Every structure is written in structure tokens, then in C-alpha cells.
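One structure is given here, and the rest of the page talks about it.
Read-outs: derived from the displayed coordinates by stated rules, not from any lab. Everything numeric here is computed off the predicted structure, so don't read it as measured data. Using ideal geometry, Cβ is built from the backbone for each residue, glycine included, and neighbour counts are taken over all protein chains shown.
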Amino acid sequence: MPFSNTQGSAQSLQLGLRANWRQFSLLVLINAFVGSMVGLERTILPLLAEHDFGVASKTAILSFLVSFGLVKAFANLFAGHLGDRVGRKRILVLGWLIGLPVPLLIIVAPSWGWVVLANVLLGINQGWCWSTTVIMKIDLVGATRRGLAMGINEAAGYLAVSAAALLSGYLASTYALRPQPFVPGMVFAGLGLLLSWLGVRESRDYAALEALQMQSSLQNPPQDATPSQLSFREIVVQTSWTNRTLFAVCQAGLVNNLNDGLSWGVFPLYFAAAGLSTKQIGFLVAAYPAMWGVGQLATGALSDRLGRKWLIVAGMLLQAGGLGFIALVHTFWPWFVGAVVLGVGTALVYPTLLAAVGDVVHPSYRATAVGVYRLWRDSGYAVGGILAGVLADVFGITFAIGAVGVLTFLSGLVAAIFLQETLVVGMRLKHNCTVRTTSPRFPP
């Protein structure tokens with residue numbers, strides 16, 4: 001087993017949100033600092049590319065997003081795998097150390113290449129720190145409140161993204177595009193590192209306890225290979241392809257973050273071309289993650305009651321509708337309505353996808369499987385950066401937004417066809433009726 005025994009015997013631990021509220025709350029606060037780091041960029045970077053560095057091509061402007069997405073995707077993968085092997089806390093602290101120089105690099109950047117490099121480091125920071133806080137919360141709460149836990153986690157992160165986007169837009173409109181909007185990032189990174197280093201405790205033993213409870217619920221424990229003996233390659237293949245439910249989850253996550261990449265990289269340029277001020281752009285850019293963040297406080301818990309599948313499908317279809325509406329209208333308040341609809345759709349999807357992965361996979365390799373899912377999900381930033389940039393350069397920004405809306409609609413249909421309900425698996429664990437299968441196929 002890849003679990004340690006750093007916190008004492010399993011008998012001294014207790015799963016659940018209430019039993020672990022102090023550590024859970026600390027991880028929520030840390031994840032807010034993680035979200036703030038990326039939120040500072042959402043209003044400013046595309047405008048900075050045109051204003052300070054004279055970058056005209058939309059594809060070139062979105063190069064920062066491609067580098068961020070690719071690096072974050074693989075950082076997620078290895079965060080999960082390393083978290084299973086060496087512990088979650090070490091990866092969390094290391095992620096903050098790598099993120100410390102990001103704001104300073106952007107402030108002093110003499111060329112656009114420096115900004116791209118800063119986003120490589122930011123991708124590692126986001127992949128390792130956000131993934132680890134997700135995994136540690138799943139470890140702490142157990143099976144029965146997983147959707148609520150993910151809703152709180154993602155709400156904290158994306159409300160912080162929204163607040164930081166508003167802050168950077170205000171600082172840019174009041175002072176300049178550099179350096180003032182990025183100075184708060186130094187504070188966020190420092191506090192995140194300090195709290196992670198001094199306050200966070202390792203959580204692998206909680207996952208070990210859940211695995212032990214699952215094993216003890218079996219009347220006839222199997223004598224052959226256990227989930228903990230699955231190879232890294234087997235976990236990647238199972239999560240990405242052979243388990244049809246996890247495949248549906250991964251593709252929906254990828255397209256969801258393709259949308260987010262579009263909003264980050266293209267929306268500021270789209271709104272600026274219509275003559276909106278930096279402050280107005282900051283407000284619109286912040287509205288989307290704000291609705292996303294607030295909504296997740298309800299949708300995560302709702303998925304614990306109603307199930308995961310149809311919330312995911314409905315969320316993808318709402319996102320498609322929001323994008324289509326933004327492409328069709330041309331003034332501030334209709335754009336605000338479209339951003340709100342996009343945020344509500346994302347709120348339905350985001351914590352529910354994470355909870356679905358946690359439902360299906362065994363605790364002994366959960367961190368690695370979550371990392372695989374987040375690999376595919378955050379690849380959407382890179383795919384979105386390339387696709388949106390090329391389409392915007394060739395056909396215009398409006399066409400790019402509409403095309404991504406159609407792609408999102410199709411992703412919702414794929415989820416409706418292939419995704420099986422996963423909540424029943426967690427409920428079986430709650431009542432000690434059965435246990436999740438080690439088969440790469442979804443359990444019956």
C-alpha cells in the first residue's frame with residue numbers, strides 16, 4: 001500500500017467534514033490563495049500583450065494560456081501520483097515555492113516570452129497546489145459528503161479568482177497595467193506557502209482508513225490483485241478510456257476548461273474591441289467565476305442528494321447556451337447575463353465531476369486518478385488557447401466563441417450517453433453493502 005502512518009493508528013482518525021473541520025477550513029483558505037494567483041491575470045494579461053508588448057496575433061497572445069494549460073495539466077497528473085507516493089503536504093509546499101516568483105516575473109518582464117515563462121511556473125503552482133487541496137479534502141470527508149466538500153473547495157477557489165480579477169481590473173484602471181495589479185500576488189503566494197508549511201497536516205492516513213473500512217465491509221475479501229497494486233499506466237488507461245463513466249467525466253472536464261480558457265484569453269479582447277473600459281471588462285470577466293464560485297456552494301451538496309449525471313449534462317448545455325448568447329449580443333448588460341448563465345452552468349459541472357471521480361475510484365489510488373482527470377480537464381486550457389486563437393485570427397472572435405459553444409453542446413450529449421450515475425457507489429459504502437470494483441469497467 002502506498003499509504004504512510006505519519007499520524008498514528010487508524011483508530012485515532014475519524015472521517016467526516018465535522019470531525020475534520022479545522023483542517024478542512026484551512027485547506028479552503030489556502031485554495032482561495034491558489035485561486036487568487038490566477039485571478040490576477042484574467043483581466044490584465046491579454047490587454048498587457050497588446051498594450052505593453054505590441055502582440056497583435058490572437059494566437060500569439062494566447063500562447064501564455066497554452067503554456068499554462070499544458071504545464072498545469074501534467075502538473076495535476078504528477079501531483080496525484082506523487083501525492084500517493086510521498087505525501088500530499090510535500091507537494092503542496094513545493095507548489096507554493098514554485099509559484100513565488102510568478103508576480104515578480106510579470107512585473108519586470110522585458111518581453112512577452114517572460115510572461116509565458118511566468119505562466120509555466122504558474123501552471124505548476126496551480127496544478128500541484130489546487131490538486132493537492134482537492135485530494136486532501138476528499139481524504140478527510142470520506143464518501144458521504146464528497147459533493148459538498150468539492151463544492152466548498154471550488155467555491156473558495158473561484159470566488160477568489162473573481163475577487164482577484166476585480167482587484168486587478170481596478171488597480172489597472174486606477175494606476176497602470178503593471179506593476180500594481182500584480183503586487184498582491186506576492187502577498188497571496190507568501191501567505192499560501194506559510195499556511196501550507198506550518199498549518200497543514202498530511203492526510204494520506206485518512207484515505208488508508210477509508211480503504212480499510214471498505215475492505216472490512218466485504219464478506220469474502222478477494223485474495224487476488226487489489227486496487228493498490230494497479231500500475232500507474234493501468235490507472236491512466238482506466239480513468240481516461242476503459243471506464244466509460246470516467247471517460248465521459250474527463251471529456252466534459254476538458255471542454256469545460258476549454259470554455260474557461262476562452263473566457264480568460266478572448267473575452268477581454270472581445271469586450272475591449274467593443275469600446276468597454278478596463279473597469280467594465282474586469283467586471284464582466286469577474287462575473288463568470290463569481291457565479292461559478294457561489295453556485296458551487298449549492299450544486300456540490302445538491303449532487304449528494306440528486307446524483308451527479310444530470311447536473312453535469314445540464315451544466316454543459318447551459319454553458320453552451322451562455323456562450324451562444326454572448327456571441328449574439330453586443331452590449332454590456334446582455335454580456336453580463338451571458339456571463340451569469342455561463343457561470344451557473346459551470347457551477348453545476350465543476351464540483352460534480354470531481355465528486356464523480358471520487359465515487360468511482362478506490363482510495364488507494366484516488367489521488368492518481370484525480371490527477372489523471374485533472375490532466376484531461378486542464379488540457380482544455382491549451383486546446384482552448386490554440387483553437388480560440390486560430391479561429392479568432394481566421395474568422396473573428398465572434399465565430400470563435402460560437403464554435404466553442406457548439407463544441408460544449410456536443411460534449412453535453414456525450415455525457416448524457418456515456419456517463420452512468422456514480423452517487424450510488426458512494427451510498428453503497430455508506431451502508432456497507434458492497435465496495436467499488438477493481439475492474440476497469442463501471443461497477444454494476
Reachable aspartates and glutamates, given that their alpha-carbon falls under 18 Å from the alpha-carbon of LYS309 and they are not under 8 places away in the same chain: ASP359, GLU421
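Can you put CYS250, CYS129 in order, fewest other beta carbons within 10 Å first?
Values: CYS250 23, CYS129 31.
Ranking CYS250, CYS129 by Cβ neighbours within 10 Å, fewest first, gives CYS250, CYS129.
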Folded to 0 to 90 degrees: helix 204-216 orientation relative to the chain principal axis, Cα: 40
Nearest 10 degrees, 0 to 90: helix 183-199 Cα axis against the chain principal axis: 10
Mean separation of Cα contacts under 8 Å, 6 or more apart, over the residue count of the stretch 351-425: relative contact order %: 34
Max mean-square fluctuation residue, GNM over the chain, Cα-Cα springs under 10 Å, options ALA320, ALA160, ALA403: ALA403
Likely footprinting exposure, TRP376, TRP114, fewest C-beta neighbours within 10 Å first: TRP114, TRP376
Estimated vicinal HN-Hα couplings, Hz - the stretch 133-147 in sequence order (Karplus 6.51, -1.76, 1.60; Gly, Pro = x): 5, 4, 4, 5, 5, 4, 4, 6, 8, x, 8, 8, 10, 5, x
Under 18 Å from the GLU421 label point (7 Å along Cα→beta-carbon), backbone N, the stretch 306-339: 306-315
Net dipole in debye of the chain [+1 Lys, Arg Cβ; -1 Asp, Glu Cβ; about Cα centre; nearest 20]: 760
Cα-based helix-to-principal-axis angle, 63-86 vs the chain, degrees rounded to 10: 20
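Neighbour counts of other C-beta atoms within 10 Å: give me LEU13, LEU194, LEU348 arranged from fewest to most.
LEU194, LEU13, LEU348
Suppose R0 equals 51 Å; then what is the FRET efficiency for GLN14 and ASP52 from their Cβ-Cβ distance, rounded to the nearest 0.05? If you can, show how the numbers build up before the last one.
Numbers: r = 53 Å, r/R0 = 1.04.
It comes out at approximately 0.45.
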THR174 paired with VAL86, simple spin-label distance in nm, labels 7 Å along Cα-to-beta-carbon: 4.1
